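The structure under discussion appears below in the form of structure tokens.
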Amino acid sequence: MVWKKLSINGIDINIPCGLFRDLCAALKYAESKNKGPIKEGDYLFAYLYKYKGKFRVESLNTWFYNIAQDFGVMGDVCKDKKTLAMEPIKNMVTKMMVDNMINPVFISKIAGLTLTMNEATYYPKDWSDKREEDINKCINKSIAQNDYYCYV
């Protein structure tokens, strides 16, 4: 699969080419409506919605709900709703990264959380026996990613 890069909080994230194409089209449309290009310090969604007035985060919830409906994902969850909150999804993705033993510094950077807040929210206070299997898995995964290990 071919990826494009999108910088989020200083981290380059791989995104599918289709999403990249759609973002470019949305930016081009917004440039014509806003009578000028996006600037370095502008927030993407604030710029995209600028010509309509002030950007409201709640509009992302409706947008995400429509995408979930169009693609048939989360079918039962969306059944009786008109919108879908992004915050629980962000929290779920962050928890998945924690469960997959992603470096907490990386998680904090991409999620826009301080390391302390990340640790307090997502990491258990007692790492002892509960996480032993995860620690073994993480160590073995790290060893397997070593170039020399793959060579051998």
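Here are the numbers for the structure shown:
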{"quantity": "Selection count where residues are open to solvent by 60 Å² or more (accessible area, probe 1.4 Å) and touching a residue at least 12 places away in the same chain (Cβ under 8 Å), scope the range 9-18", "calculated": "2"}
{"quantity": "Residue check for Asn100: touching a strand residue (DSSP E or B) at 6+ places or on another chain (Cβ under 6 Å), open to solvent by 50 Å² or more (accessible area, probe 1.4 Å) and within 30 Å of Ser142 (Cα to Cα)", "calculated": "no"}
{"quantity": "Matching residues in the range 1-48 - criterion: being within 25 Å of Leu113 (Cα to Cα) and in a loop (DSSP other than H, G, I, E, B)", "calculated": "Asn9, Gly10, Lys39, Glu40, Gly41, Asp42, Tyr43"}
{"quantity": "Matching option when the condition is crowded, with 16+ Cβ neighbours inside 10 Å, out of contact with any Pro (no Cβ under 8 Å at 6 or more places or on another chain) and more than 30 Å from Cys138 (Cβ to Cβ), among Lys50, Lys33", "calculated": "Lys50"}
{"quantity": "Criterion violated by Gly41 - all others in (1) within 22 Å of Pro88 (Cβ to Cβ); (2) modelled with pLDDT of 80 or more satisfied", "calculated": "(1)"}
{"quantity": "Pair list, Cβ under 9 Å, 6 or more apart: the range 95-123 residue free of Cβ contacts under 8 Å to residues at least 60 places away in the same chain and in a helix (DSSP H, G or I), other residue aromatic (Phe, Trp, Tyr) and open to solvent by 50 Å² or more (accessible area, probe 1.4 Å)", "calculated": "Met97/Phe106"}
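Listed here are the residues, each with its yes/no results for (1) more than 26 Å from Asp12 (Cα to Cα); (2) at pLDDT 85 or above; (3) touching a Gly at 6+ places or on another chain (Cβ under 9 Å).
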position	(1), (2), (3)
Val105	no, yes, no
Leu113	no, yes, no
Glu119	no, yes, no
Lys125	yes, no, no
Asn136	yes, no, no
Ser142	no, no, no
Gln145	no, no, no
Tyr149	yes, no, no
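The values are calculated or read from the model by the stated rules, or taken from the named source; none is laboratory data. These numbers were taken from a predicted model, which means no experiment stands behind them. Every residue, glycine as well, gets a Cβ built from its backbone with ideal geometry; the counts of neighbours run over all protein chains shown. Only protein heavy atoms, including side chains, enter the accessible area calculation; ligands, DNA and RNA are left aside. Shrake-Rupley method; radii C 1.70, N 1.55, O 1.52, S 1.80 Å.
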